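The values are calculated or read from the model by the stated rules, or taken from the named source; none is laboratory data. Predicted model only: the values in this text are computed from it and were never measured. Note: ideal-geometry Cβ built from the backbone for every residue, glycine included; neighbour counts use all protein chains shown.
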């Protein structure tokens, strides 16, 4: 499985602090939204934030995503690949090439 | 590097549709927030959504996170591990065990 | 029009600081998401935040909403009433009473 | 009080459907984030959405904000004015004129 070392280290970090009690799927979903907004804040007034700051905020979003994947007992890479397969069908390359239109308006 | 197959497949998917033009770091950050809210919507009125739906929405958030990591030329697992190291220092295990208090209120 | 005093004071505040230049509809939309997440953060690990903190974060969301309404030249109260009229039709009282189901699953 | 008619109509709408049971402060905070992201989605791939669509999504955010204000028993306009007073002090006009820098970096 991918990112096994990361998941192991995250779980150890959480267990050392007895924080698993706070990590319901709902709390993790709220946390992902909260961190996603801190990432968005890098771009609040214009498009040129420091790469370092963006990277740090992205790491926070990913951290909570991996904790939620672990909680749901799914593999993060595998669910992305599964979803990609679905999305291929909704956005056939020949119809959607170069267009950002949402699939139900193609 | 972790998730190499996933990144390769995502890039191929994006290139086939000529969508890289839409994937500025800012647009990807907006997308992460948008998908994070769709994940949160699973829990909008209560805590028991179908695991299938939560998994699918989580996959969407992860997809945009991986695209942004690729755009910034960083490894998703590595930046999570780097951030974890920082967080260990802000949340010493002995002071934060069992407490959800934000670190500047410890 | 409702909230005329509030809009006037917000505009004066923005003009004194020459900040209107940053207030594109897109930047205001990003700001609303960012502040909404700070409000959500009051509830990140559990349901009992201080009313004072929630009120302050709600004020931030409302502030950016009013700035966007002003930018779009619409009246905040009127657009809420207009949308309510639409929603009455999507959620007929007799079919949706006591149910939180999204309207297309009624 | 401002927006009394709007609050009255929103309360009537909610009561007719027996939906107050779902409107805990936390669920309302989640709803505000969810709707804020739908507003942001108007700008996901570029800056020129239809004003009609933006107005409708803004109305949804405002609706939940007013429901939360009502739940907290505060006046939406008053809390914005109170917060503005605080913000005047953090962003003195002479120091912040024309600059979007966050106040602790002024």
Inset, instruction - Would you mind stating whether residue B:90 is more than 7 Å from chain A (Cβ to nearest Cβ), touching a helix residue (DSSP H, G or I) at 6+ places or on another chain (Cβ under 8 Å) and surrounded by fewer than 22 Cβ atoms within 10 Å (Cβ to Cβ)? - result: yes
Inset, instruction - Taking residue C:27 as meeting all but one of (1) more than 14 Å from the chain's Cα centre (by Cα); (2) more than 10 Å from chain A (Cβ to nearest Cβ); (3) outside any loop (DSSP other than H, G, I, E, B); (4) at pLDDT 95 or above, write down the number of the exception. - result: (2)
Legend entry - Number of positions in the range A:41-68 that are free of Cβ contacts under 8 Å to residues at least 12 places away in the same chain and surrounded by fewer than 24 Cβ atoms within 10 Å (Cβ to Cβ): 13
Legend entry - Single condition residue D:105 does not satisfy, out of (1) modelled with pLDDT under 95; (2) within 14 Å of chain B (Cβ to nearest Cβ): (2)
Legend entry - Scan of the range D:1-23 for residues that are part of a loop (DSSP other than H, G, I, E, B) and either within 21 Å of residue C:6 (Cα to Cα) or without any contact (Cβ under 8 Å) to a residue 12 or more places away in the chain (or both), ordered by number: D:1, D:2, D:3, D:17, D:18, D:19
Inset, instruction - Assess whether residue C:30 counts as being buried (at least 20 other Cβ atoms within 10 Å of the Cβ) and within 22 Å of residue D:51 (Cβ to Cβ). - result: yes
Legend entry - Residues located in the range B:10-23, provided they are surrounded by fewer than 16 Cβ atoms within 10 Å (Cβ to Cβ) and at the interface with chain A (Cβ under 7 Å from one of its Cβ atoms): B:16, B:18
Inset, instruction - Only residues that are more than 7 Å from every other protein chain (Cβ to nearest Cβ), in a helix (DSSP H, G or I), within 13 Å of the chain's Cα centre (by Cα) and within 18 Å of residue C:67 (Cα to Cα): list them for the range D:32-77, please. - result: D:35, D:57, D:64
Inset, instruction - Tell me which of these residue B:100 doesn't satisfy, since it passes every other one: (1) part of a helix (DSSP H, G or I); (2) away from chain D (no Cβ under 14 Å); (3) surrounded by fewer than 17 Cβ atoms within 10 Å (Cβ to Cβ). - result: (1)
Legend entry - Matching entry among D:56, D:35 (being within 22 Å of residue B:32 (Cβ to Cβ) and modelled with pLDDT of 95 or more): D:35
